[in-house]
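Only the coordinates and a few stated rules stand behind these numbers; no lab work does. Just so it is clear, the model here is predicted, and its values are computed rather than measured. Here the Cβ positions follow ideal geometry from the backbone for every residue, glycine too, while neighbour counts run over all protein chains shown.
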Protein chains: 2
Amino acid sequence: MKAIGVRRDGDGPELLEKDRPTPGPGEALVRTLRVGVDGTDHEVIGGAHGGYPEGEDHMVLGHEAVGVVEEPNGTGLDEGQVVVPTVRRKPDGETNEYFRRGEPDMAPEGEYFERGIVGEHGFMAEYFTSPADFLVPVPEELAEYGLFIEPISITEKANEHAFATREPFEWRPESACVLGNGSLGLLTLWMLQQKFDRTYCVGRRDRPDPTVDIIDELGSTYIDSRETPVDEIPADHESVDYVYEATGFAPHSVQTVQALAPNGVGALLGIPEPWDFEIDGGALHNEIVLHNKCLIGTVNSHIKHFEYAVETLSEAPKWLLDDLITTVADPTDVAPAFENGDDQIKAVVEFDTL
Amino acid sequence: MKAIGVRRDGDGPELLEKDRPTPGPGEALVRTLRVGVDGTDHEVIGGAHGGYPEGEDHMVLGHEAVGVVEEPNGTGLDEGQVVVPTVRRKPDGETNEYFRRGEPDMAPEGEYFERGIVGEHGFMAEYFTSPADFLVPVPEELAEYGLFIEPISITEKANEHAFATREPFEWRPESACVLGNGSLGLLTLWMLQQKFDRTYCVGRRDRPDPTVDIIDELGSTYIDSRETPVDEIPADHESVDYVYEATGFAPHSVQTVQALAPNGVGALLGIPEPWDFEIDGGALHNEIVLHNKCLIGTVNSHIKHFEYAVETLSEAPKWLLDDLITTVADPTDVAPAFENGDDQIKAVVEFDTL
C-alpha cells in the first residue's frame, strides 16, 4: 500500500510502499480517507520534535486522520463505520496508570508514543490498524471534514482545563484572543466566538490574506502583532479574559499575562525551542498574583475530547471548513501538502473517498 | 484610644491617640484583642505597597486581627462574641459586582480598599468598627490565636484555586513544597502536611534557626535555597506536585515551573517589585505545555475562606501556634513587634485579653 513518511537519511516526506497492516487482537483495520497536515508534522519533518519508531529507518507521518472500518476484527465496530483515531498509544504496548484511566494526554514524556510523531507510525497510509478503544465513531456526513476532529479535540481539552481554573469564582468572561492564525487558531476562533462576546485573532500577515479574510468573515478582529505586540493588546484594543496561544512563539507565554484582564486565564499550547530573553520577572509575578491570573499548559487530548469535537464539528459552518482546506493532495503527488506558504491553511492528503 | 499607625511625615510605626470610632448602620464596634504583623505591613511601612486613606495624614496599621464585639449595634451579633474581620472593603463605601457576589478578593485594583493596607485604616487600635457582614464568628477558645485566621484564609483560597486547576483529570499528588519560611509559609506547610505524603520548605537560613526547627518538628524537609535553588529541587530531592510560593522573590515564579512534576500546579502569592532578568523563555513555555503544568496567582480571600480557616485553626497543634508567636508587644512599646530579625516569626500587638 501507499504511505507517506520520512526516512532517517531522506530529505522530507516521500511516497513509501509498505505492506498493508494486519490488525492484532482488539484492533480494527481502517481504510484511510483523509489525513491533515499541521505544524507538528513540520516539526517532525524538521527533526525538532518527536522521534522514529525503534529499529525503523522511516516513520509514516500523520496524526489527523479519518477513515472507514475495513475489518472490524471482532471489536464491536461495524464494517463501513467512519472513525477518527486518537493519537497517543501505550509505549511498546505497555500500559500505565494514565492509559488505565483513559487519560493518556496527562502522561509525562516517556510514558506514551504518539502516532506519526514519536515512537509509532502515523496514519498517512492507505490503511492503518488501531485498538478499537482508540477509534471514535463519526457520522458519515462528517467524513470529509473528519480530519478536523483531532485538532478540535486539542482545543476542547485546552478550554476544559482553562475554564476549570476559573470555577472557584463567578467568572463572567466577555472577550477572548487567539494567538496564531493557522488552521488550529482559526478553528478555535470560531469555537470561542460561540462563547465570548468579542474575539481577536493575532497574526503577522499583510492583507489581503486568506486567514485574515476568515477572521473578518467570522466577525472577529484581526490584530497584526507587528503593529500591536501581544502585551500591548490592552492599550490598542482591550484586556481580554481568555488568551489561547497557538504560535509556539516563546515571548507569548509572558506577554499573555499582560494581555489578560484581571481574573483572566491564558492557555498555552505552542511548543517552542529553548530561547533566552530578558523579562520583567517582578512585574510578571506581581501581575499574576494581584489580579488572580492563571497560565495553564495543555497538550494532546483524550477520547472524551474527541467525542466533544465530533459534536463541535457538526455545528461548524461548511464555508469555514471549506475555506480552511486549501490543498487536497494525492499520495502520489504529495509535495503540495507540505508547502508552507501564506496561501496554505490546512493541507490534506486524500487516500480515498466514501 | 491607643492606635498604632504610620504618618506621612513619620518614620515608622508609632503610637497614636485617636477617638474611639462610632459604628454606623450595619456596623458593630469591636474591642481588639490581638493584631498580627506580617510582610505586607512591612511593605506598607516601607511605602512599597498600599496607600493612605484619602485626606488623612496617617494610616492605622493592621489587617490580621481578632477582637470581641463590644456593641452589636443591632447587627445580630452578640456582645462578647469573638470575631475576626475580613480585610477588603467597598471603596468609599461604593459597592460593585465583586462585593455583591461576596467575592471582593476577585476585585481588580481600584475596586476595593484594604483595611490597614490601602485606602482605609487598619485594626491595630483598641477598638475598630466593621460592617457585621465582614466579621467572622470564632469560638472563644481560639481567641488567643485568632490573628492566624486571616493568613490561613489566604492559603485556603490559594489551595482552592490551585487544586481546582487539576479537577479536569485524576490528579494524585504526593509532594508539596512551600517557598518561604515566614509565618504564612510555616502555617501553610502544616496545612499541606495534612494532604500530601511529603513536604518541603525552602528558606535561606543557617541552622540553628527557629523556623528550621519548626520545619523539622513538622516532619518536613528543609531546603536551603543558597545550596539548592528552586529549579534544582527535582535534582536534589524530587519534582513536586504542588508549589506554594510565599516569598515575593520574582525568579521563583519561573523556577516554580521547573520544580513542578508533570501535571503539577504552582500557586503564586508573593508581590515583588519590578525586576528585569533573563530566562529561557522557550524552555519555560515548552515545559508548561508538554507537561500540562499550571501557574496560578491568588490574592486576598473572602468570607468562606475565613470560615474554612476557623476550622483549620481549630485543628492546628498548639505547640506550632505558640512557637510561631515570637513577640507579644504592648501598644505602648510596639517597636519589638516591627523588628524583623531571624528570631522573629510572628509578632503580635496585644491590646486586651478575654
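What average count of beta carbons from other chains do you get within 10 Å of the Cβ of residues in B:295-304?
Shielding by partners across B:295-304 averages 5.
Please report how far the C-alpha centroid of the range B:293-354 lies from that of the range A:136-158, rounded to the nearest whole angstrom.
53 Å
Can you tell which of A:S314, A:S153, A:S183 shows the greatest fluctuation in a Gaussian network model of chain A with Cα springs below 10 Å?
It is A:S314.
Any chance you could run the full-extension gain for A:M1 through A:L15? It's 0.36 nm times the residue separation minus the Cα-Cα distance, nm to one decimal.
4.0 nm
Need one value for A:151-161: mean number of C-beta atoms belonging to other chains within 10 Å of its residues' C-beta atoms.
1
Taking a spot 7 Å from the Cα of B:R204 along the direction of its beta carbon, which residues of the range B:316-349 have an amide N less than 20 Å from it?
From the range B:316-349, the list is B:339-346.
Tell me whether chain B comes out rounded, prolate or oblate; compute the Cα gyration tensor, take square roots of the eigenvalues as a ≥ b ≥ c, and use a/c under 1.5 as the rounded threshold.
Because a/c hits 1.5 or more and a/b exceeds b/c, chain B counts as prolate.
In chain A, what percentage of the DSSP-assigned beta bridges are antiparallel, given to the nearest 5?
DSSP beta bridges in chain A are roughly 55 percent antiparallel.
If exposed GluC sites (Glu not before Pro) are those in a DSSP loop with at most 10 other Cβ within 10 Å, what is the longest stretch of chain A that has none?
A:228-354
Would you work out which of A:V240, A:L218, A:H252 lies farthest towards the positive end of the dipole of the range A:196-255, given +1 charges on the beta-carbon of Lys and Arg and -1 on that of Asp and Glu, about the Cα centre?
Positive-end residue among those listed: A:H252.
Taking 41 Å as R0, compute the FRET efficiency from the Cβ-Cβ separation of A:E56 and A:E79 and round it to 0.05.
The pair A:E56/A:E79 has a calculated efficiency of 0.85.
Nothing charged except the Cβ atoms of Lys and Arg (+1) and of Asp and Glu (-1): what's the magnitude of the dipole of the range A:1-81 about its Cα centre? Round to the nearest 20 debye.
Roughly 140 debye, rounded to the nearest 20.
Average partner chain C-beta neighbours within 10 Å, per residue of A:243-251?
2
Which value, in debye to the nearest 20, gives the size of the charge dipole of the range A:10-55 about its Cα centre, when Lys and Arg are +1 and Asp and Glu are -1 at the Cβ?
So the dipole magnitude of the range A:10-55 works out to roughly 280 debye.
Rounded, prolate or oblate: which fits the range A:203-271 when a ≥ b ≥ c are the square roots of the eigenvalues of the alpha-carbon gyration tensor, with rounded for a/c under 1.5 and prolate only if a/b beats b/c?
Prolate, since a/c reaches 1.5 and a/b exceeds b/c.
Treating the beta-carbon of each Lys and Arg as +1 and of each Asp and Glu as -1, no other charges, what is the dipole magnitude of the range B:170-291 about its Cα centre, to the nearest 20 debye?
Approximately 320 debye in magnitude.
Could you grab the relative contact order for chain A? Cα pairs under 8 Å, six or more apart, rounded to a whole percent.
About 19 percent, as a whole number.
Under a plain spin-label model, where a point goes 7 Å from the Cα along Cα-to-Cβ, how far apart in nm are A:D231 and B:T332?
5.3 nm
Checking understanding here: applying a Kyte-Doolittle mean of at least 0.0 and a length along the axis of at least 20 Å (C-alpha), which whole DSSP H helices in chain A pass?
Within chain A not a single helix satisfies the rule.
Report the extension gain between A:T95 and A:E278 in nm, rounded to one decimal, defined as 0.36 nm multiplied by the number of residues separating them, less their alpha carbon distance.
61.7 nm
Based on DSSP, what percent of beta bridges with both residues in the range A:265-354 are antiparallel, to the nearest 5?
10 percent
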